[in-house]
Structure formats: structure tokens, C-alpha cells
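In what follows, a single structure is set out as C-alpha cells and then discussed.
The values are calculated or read from the model by the stated rules, or taken from the named source; none is laboratory data. Remember, predicted model here, so these are calculated numbers, not experimental data. A quick note on method: Cβ atoms are made from the backbone with ideal geometry, for glycine too, and the neighbour counts reach across all protein chains shown.
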Amino acid sequence: MPASELEAVARIASRFHLTIYTFNPSAPHEHRLIAARERAGTSLTRLATHAGGLAVRADAFIAGFARVYHDTEAYYALAFEPPTMTRFTGLSFA
């Protein structure tokens, strides 16, 4: 995914208060395509950082997954639904 598309995803996630956690499954000792792996890891890290999450690497998977679990085990949501206006009674609290 091009960097501009990742930045757009990060902006949308931030706008809607979404957190993104990324997982990079490539092992750090794999020397094949090192440049591509580093670019992918940097992109994943940047996306997670901009969206308030965490980028988890393969060599720290257990600790990273524990952090993701801890971050997401409890949450709250606030909601408000305004009363409906009716023509005859003014306000209706249905």
C-alpha cells in the first residue's frame, strides 16, 4: 500500500477515534528482501503510531499481544439520543 494511502487510513482512524494495532510476522533474522521488510515494518509502525495503537514485531509477539489484549479488554462508549420532536406535544421521550 502506498504511503499516501496509509496516511489516509491513519487520518480516518484518528478522525473516528479508532485505534489500529499492526502485526509484522516477518522474523528479524530473515535476510531475504531486507529492504522490503524494513519498508513494510516502517509503514506498519507509522500507521499504528498515528492511529494510537502499537506495532508488534514477530520477535516480541507475546509481549505485544499481551499489550493489545490489555489495551482492549475494557472500554466504554458514551451515546446520546436527542428527544424526538412531535408536532402536537412538543417533546416525546419514547
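Laid out as a table, the results:
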{"item": "Close pairs (9 angstrom Cβ cut-off, 6 or more residues apart or separate chains): within 18 Å of residue 18 (Cα to Cα) and among the basic types (Lys, Arg) in the stretch 35-55, modelled with pLDDT of 80 or more and surrounded by 18 or more Cβ atoms within 10 Å (Cβ to Cβ) anywhere", "result": "46/10; 46/55"}
{"item": "Residue ID - farthest from the chain's Cα centre (by Cα), chosen from residues in the stretch 68-91 that are at pLDDT below 80 and not in a loop (DSSP other than H, G, I, E, B)", "result": "90"}
{"item": "Cβ-Cβ under 9 Å pairs, at least 6 apart or on other chains, the stretch 57-78 side loosely packed, with under 13 Cβ neighbours inside 10 Å, far side at pLDDT 80 or above", "result": "63/56; 72/19; 72/21"}
{"item": "Qualifying residue in the stretch 55-65 (condition: at pLDDT 80 or above and assigned to a loop (DSSP other than H, G, I, E, B))", "result": "no"}
{"item": "Search result, residues across the stretch 4-19 that are among the polar types (S, T, N, Q) and farther than 25 Å from residue 70 by Cα", "result": "4"}
